[in-house]
1. Determine which single condition residue 76 fails, assuming it passes every other condition in (1) touching a residue at least 60 places away in the same chain (Cβ under 8 Å); (2) in a loop (DSSP other than H, G, I, E, B); (3) within 14 Å of the chain's Cα centre (by Cα).
2. Quick test of your reading of the structure: residue 112 fulfils all but one of (1) over 11 Å from the mean Cα position of the chain (by Cα); (2) at pLDDT 85 or above. Name the failing condition by number.
3. Which count do you get for residues in the range 16-43 that are outside any loop (DSSP other than H, G, I, E, B), in contact with a strand residue (DSSP E or B) (Cβ under 7 Å, 6 or more places away or on another chain) and surrounded by 15 or more Cβ atoms within 10 Å (Cβ to Cβ)?
4. Going by the conditions given, is residue 65 buried (at least 17 other Cβ atoms within 10 Å of the Cβ) and either closer than 24 Å to residue 92 by Cβ or modelled with pLDDT of 95 or more (or both)?
5. Take residue 46 and decide whether it is in a loop (DSSP other than H, G, I, E, B) and free of Cβ contacts under 8 Å to residues at least 24 places away in the same chain.
6. Going by the conditions given, is residue 49 under 11 Å from residue 18 (Cβ atoms), crowded, with 17+ Cβ neighbours inside 10 Å and at pLDDT below 90?
């Protein structure tokens, strides 16, 4: 399973959150189910810039224990753009396809890094 989590640093309702993305929508939803996330918490455009789950630190730790890979924010953005292209195809919503493609090109040098510290965060 290729699921990725970026650094937890976004405060929301008393929790510190991070993004969880994956190589495919099926893998993302499978991990979300395993860590106890509800499908209604899945975020997609136009509400979010890309398909993902915002997960709290404890769920992040659980996902990592199940095989999720810790990545820096730029690497996460790259994989989020790839996931966005799959979401565009699945839903027929082509309005963001070009944006996802540009993001892929811009972030291609940040593809999977072994440690979150291997690439800088913005």
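The values are calculated or read from the model by the stated rules, or taken from the named source; none is laboratory data. These numbers were taken from a predicted model, which means no experiment stands behind them. Cβ atoms come from the backbone with ideal geometry, glycine included; neighbour counts cover every protein chain shown.
1. Failing condition for residue 76: (2).
2. (2)
3. Total satisfying the criteria: 10.
4. Working: buried (at least 17 other Cβ atoms within 10 Å of the Cβ): no; either closer than 24 Å to residue 92 by Cβ or modelled with pLDDT of 95 or more (or both): yes.
Spelling it out, it is not the case that residue 65 is buried (at least 17 other Cβ atoms within 10 Å of the Cβ) and either closer than 24 Å to residue 92 by Cβ or modelled with pLDDT of 95 or more (or both).
5. Working: in a loop (DSSP other than H, G, I, E, B): yes; free of Cβ contacts under 8 Å to residues at least 24 places away in the same chain: yes.
Yes: the conditions hold for residue 46.
6. Numbers: under 11 Å from residue 18 (Cβ atoms): no; crowded, with 17+ Cβ neighbours inside 10 Å: yes; at pLDDT below 90: yes.
When the stated conditions are applied, residue 49 does not pass them.
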